[in-house]
Amino acid sequence: MHALMQDRQLLISTLIDHAALNHGEVEIVSRTCEGPTLRTNYQTLRQRSVKMAKALLRLGVRHGDRVGSLAWNTHRHMELYFAVPGMGAVLNTVNPRLYQEQIEYVINHAEAKVLFFDLTFADLIRALRPALTFTGTLVVMTDRAHKPAGLDDCLCYEDLIEAETDEFEWPLFEETQASSLCYTSGTTGNPKGVLYSHRSTLLHSFNTCSMDGLQLSCRDCVLLIVPLFHVNAWGLPYASAMCGAKVVLPGPWLDGPSLLPLLQQERCTFSIGVPTVWLGLLQFIEEHPQLLTGELALERVVIGGSAAPRALIERLHRLLGATSIQAWGMSETSPMGTIGNLLPKHLALSLDEQIDVRAKAGRPVYGVEVQVVDDLGRTLPRDGKSAGHLKVRGPWVASGYYKGDGGQVMDAGGWLQTGDVASIDEDGYLQITDRSKDVIKSGGEWISSIDLENAAIGHPAVQEAAVIGLPHSRWQERPLLVVVVKPGVDVQACDLLAFLSTQVAKWWLPDDVVFVDQLPHTATGKLQKARLREQFKDFVFTSERPQAAPQRSDVNATTNHG
């Protein structure tokens, strides 16, 4: 028996229509690549999105065609978020932090018919243009007065907008149609495309606005730090339109001196970003405490992209007065899979005890199932100790990659292998132990590089840390700690090891410590462990050296297992 409910499709166009009608005057604040800050609202956002949709139709874009963007967090990029999928095309947000060869690969693999780009990428476009096989139209995202010289074959964004009216009816189609295409960061091989649907996007947005999700509401002002080219900015543009939240877009400036004024002046209550951005902001505030005038309105900070060190959660609370919500996910999960909210029984705990809970990767939200299995595929108990391979499934989880790249990704039960090693406790909280390829196998036991890194970052002298496993004749692998020290601070390896000895088991202690000026990161801010392993592939632990040779000035040793 069929129910007697109306069958309305879950389409992205309904989000901007709802926001314009019911939250039309709510502000969208954008720093622009030209310099000035622009203030607009949801009503204007819809009008300009409609005009751009009509312009794309005139350019020959049809249902299912891919439209690319190389752009920062600005009002124009947010307009494309609604214009492109709203008209039935597919928005391919290209990560400009990838290598040029990867950017070229992504645009050509997506077969982008039109490519939009910000002013800052004019030189990149000049270099890419001859190799773009399918892209017939290039649009620079500015007005005619700021259009760079030497790009005569490129159209101008504002010219396209001005040529159209806002009289338009969004087309209706099935909600399972593709809406956007995001590519993985490509740490090994070419990036792979994850193709989201209108349905998956709206279901993900409902989760973001729920109380057990990110609790986003019309009372919030969102500082959108996570880039619009990174997994649809974690779905925040769509969720913000769903609930009518104010959105603040920082443009290309994600440094501390640029973010702090926005937090203060716009009275932002909610923000979201990767740990490296938060570490940079906190370092700036610690170096310039006089700039932190009055209390911030910031209530909640969402940390994702990589595991958040406990020390980062403590510093966010101490310096910004914000509650940290750690979330786990990946491009393949849209990306929210688990969210670190507290349960009622945690509310009576001390702050330190609550932070212990928040330092975990969170609990699955409704719609996402997770399980941990051993090497034979047997489900491991939810005891918070049994670590194994993490698998996930749900209505906003990928079933495969664009054009079949990567082959079959789901098992017979519909589970996607994430590549993470994790445990799940009795309350459902996920603890990411490592990436499968990064876990250190020492003497038949696993050492979590993530736990070691988080412990090291707890030292007041450490700005950033990475741990990799290197070959050892006796123990198979041993950990090497690679550290970036805060500017103007002096610390010795023995100090770090003494500190770590109070945080982790003795046999976990790194065998050596190396100090470097910076660590390599992926285009989305994650540590590039593969590059570190390549960099230190010929490194020999002090305990493995054939004789007592003079120590390098940047390397110090400690005892291993024994």
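The values are calculated or read from the model by the stated rules, or taken from the named source; none is laboratory data. In this text, all values refer to a predicted model and were calculated from it rather than measured experimentally. Using ideal geometry, Cβ is built from the backbone for each residue, glycine included, and neighbour counts are taken over all protein chains shown.
Look at (1) more than 25 Å from S49 (Cα to Cα); (2) in contact (Cβ under 8 Å) with a residue 24 or more places away in the chain; (3) not in a loop (DSSP other than H, G, I, E, B) and you find that P261 fails only one, number (2).
Let's see how each residue does on (1) surrounded by fewer than 21 Cβ atoms within 10 Å (Cβ to Cβ); (2) touching a Phe, Trp or Tyr at 6+ places or on another chain (Cβ under 7 Å); (3) assigned to a strand (DSSP E or B):
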{"residue": "G384", "(1), (2), (3)": "yes, no, no"}
{"residue": "G414", "(1), (2), (3)": "yes, no, no"}
{"residue": "A422", "(1), (2), (3)": "no, no, yes"}
{"residue": "G428", "(1), (2), (3)": "yes, no, no"}
{"residue": "I432", "(1), (2), (3)": "no, yes, yes"}
{"residue": "K441", "(1), (2), (3)": "yes, no, yes"}
{"residue": "L452", "(1), (2), (3)": "no, yes, no"}
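Consider the range 306-320 and keep the residues that are out of contact with any helix residue (DSSP H, G or I) (no Cβ under 7 Å at 6 or more places or on another chain) and closer than 23 Å to L216 by Cβ. The one that is surrounded by the most Cβ atoms within 10 Å (Cβ to Cβ) is L320. Hey, does the range 125-145 have a residue that's under 25 Å from the mean Cα position of the chain (by Cα) and crowded, with 16+ Cβ neighbours inside 10 Å? The answer is yes, given that some residue of the range 125-145 is under 25 Å from the mean Cα position of the chain (by Cα) and crowded, with 16+ Cβ neighbours inside 10 Å.
Tell me, which helices (runs of 4 or more DSSP H) wholly within the range 93-165 include 3 or more residues that are closer than 27 Å to P191 by Cβ?
Qualifying helices (runs of 4 or more DSSP H): 100-110, 122-128.
Filter the range 333-363 for residues that are touching a Ser or Thr at 6+ places or on another chain (Cβ under 6 Å) and among the charged types (D, E, K, R); which is modelled with the highest pLDDT? Applying the filter and picking the extreme gives R363.
For H2, indicate whether it is at pLDDT below 95, more than 18 Å from M141 (Cβ to Cβ) and not in a strand (DSSP E or B).
Criteria met by H2.
Of all residues in the range 420-454, exactly one satisfies the criterion of being closer than 13 Å to T338 by Cβ, out of contact with any Ser or Thr (no Cβ under 7 Å at 6 or more places or on another chain) and hydroxyl-bearing (S, T, Y), namely Y429. Scanning the range 202-254 for residues that are in contact with a Ser or Thr (Cβ under 8 Å, 6 or more places away or on another chain), under 20 Å from R363 (Cα atoms) and surrounded by fewer than 24 Cβ atoms within 10 Å (Cβ to Cβ) gives a single hit, C209.
So that you can scan it fast, the table gives a plain yes or no per residue for (1) assigned to a loop (DSSP other than H, G, I, E, B); (2) out of contact with any Phe, Trp or Tyr (no Cβ under 6 Å at 6 or more places or on another chain); (3) among the aliphatic types (A, V, I, L, M):
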| site | (1), (2), (3) |
| --- | --- |
| P460 | yes, yes, no |
| E464 | no, yes, no |
| G469 | no, yes, no |
| D490 | yes, yes, no |
| C494 | no, yes, no |
| L497 | no, yes, yes |
| T502 | yes, yes, no |
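Find all pairs meeting these conditions: Cβ atoms under 7 angstrom apart; at least six residues apart or on different chains; first residue within the range 488-508 and more than 11 Å from H459 (Cβ to Cβ); second residue β-branched (V, I, T) and surrounded by 13 or more Cβ atoms within 10 Å (Cβ to Cβ). From residues that are more than 11 Å from H459 (Cβ to Cβ), the pairs are A493/V513; W508/I447. Here are some residues: V489, V483. Which one is closer than 24 Å to L279 by Cβ and surrounded by 13 or more Cβ atoms within 10 Å (Cβ to Cβ)? Within the list V489, V483, the selection yields V483. Of the strands (runs of 3 or more DSSP E) lying entirely inside the range 277-363, those containing at least 3 residues that are of a type in the set (S, T, N, Q) span 323-329.
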